[in-house]
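Everything below concerns the one structure shown next.
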Amino acid sequence: FTESPVFERRFSLRDQLERAALSVSNNIAEGFERGTTAELVAFLYIARGSAGEVRSMLCFVERRKAFADFKSQISDLKGRCESISRQLYGWMESLKESVIKGQKYLTPTGKQRYEQKQRAEAFLAQVDEIVRKAREQEKRRSPGSSGMPSSEL
């Protein structure tokens, strides 16, 4: 998009748009490399801000006559920016709820404990589902019957 001839005399606009777009992935990478959940969340906020900056610049460009031929492409790019912002927000919210402080805090023992906890939670969820299904079957039994499901009578 920014390689289009319409950007030839708009160096600063092209440069700012490209830098803001690149900033999204750069901040995700930098936050991840920091090793703590808190730092990752902070950099995800910055990345989300950069996605908003790109979207704002696209709104500006969209209103310029010189870019009239790019309306569809600009609309698509704005939609992608909105999607990226929503995804980053969802990721940030899930990280805020995480019990893990970050990858650099996970020692082999810590990883093992975390995996054991995950397995235990999955097992308990399965048990809950089995109990729920058993209770549903019990409710389906007609009152005053022999205690056996009607299909077994």
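The values are calculated or read from the model by the stated rules, or taken from the named source; none is laboratory data. None of the values given here were measured: they were computed from a predicted structure. Every residue, glycine among them, receives a Cβ derived from its backbone with ideal geometry; neighbour counts consider all protein chains shown.
Test THR2 against the criterion of being in contact with a Lys or Arg (Cβ under 7 Å, 6 or more places away or on another chain), of a type outside the set (A, V, I, L, M, F, W, C) and within 30 Å of LYS117 (Cβ to Cβ), and give yes or no. Judged against the criteria, THR2 is not a match. Each residue in the stretch 61-81 was checked for being under 22 Å from ASN27 (Cβ atoms) and surrounded by 13 or more Cβ atoms within 10 Å (Cβ to Cβ), and 4 of them qualify.
Residues in the stretch 98-153 that are of a type in the set (Ser, Thr, Tyr), modelled with pLDDT of 60 or more and part of a helix (DSSP H, G or I) were compared, and the one that is surrounded by the fewest Cβ atoms within 10 Å (Cβ to Cβ) is THR109.
Tell me yes or no: at least one residue of the stretch 51-59 is under 30 Å from GLN116 (Cβ atoms), touching a residue at least 40 places away in the same chain (Cβ under 8 Å) and not assigned by TED's automatic domain parsing to the domain that holds GLN116. For the stretch 51-59, residues under 30 Å from GLN116 (Cβ atoms), touching a residue at least 40 places away in the same chain (Cβ under 8 Å) and not assigned by TED's automatic domain parsing to the domain that holds GLN116: absent. Listed by first and then second residue, the pairs with beta-carbon distance under 9 Å, at least 6 apart or on different chains, first residue in the stretch 94-122 and closer than 21 Å to GLU30 by Cα and among the hydrophobic types (A, V, I, L, M, F, W, C), second at pLDDT 65 or above and in a loop (DSSP other than H, G, I, E, B), form an empty list.
Yes or no, residue by residue, for (1) in contact with a Leu (Cβ under 9 Å, 6 or more places away or on another chain); (2) in contact (Cβ under 8 Å) with a residue 40 or more places away in the chain:
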site	(1), (2)
LEU40	yes, yes
PHE43	no, no
GLU62	no, no
PHE67	no, yes
SER75	yes, no
SER83	no, no
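The residue that is modelled with the lowest pLDDT, among those in the stretch 5-40 that are more than 19 Å from LYS78 (Cα to Cα), hydrophobic (A, V, I, L, M, F, W, C) and surrounded by fewer than 19 Cβ atoms within 10 Å (Cβ to Cβ), is PHE11.
Among residues of the stretch 5-20 that are within 15 Å of ARG55 (Cβ to Cβ), those with a Cβ under 8 angstrom from a residue that is at pLDDT below 90 and surrounded by fewer than 16 Cβ atoms within 10 Å (Cβ to Cβ), sequence gap 6+ or separate chain, pair up as LEU17/THR2; GLU18/THR2.
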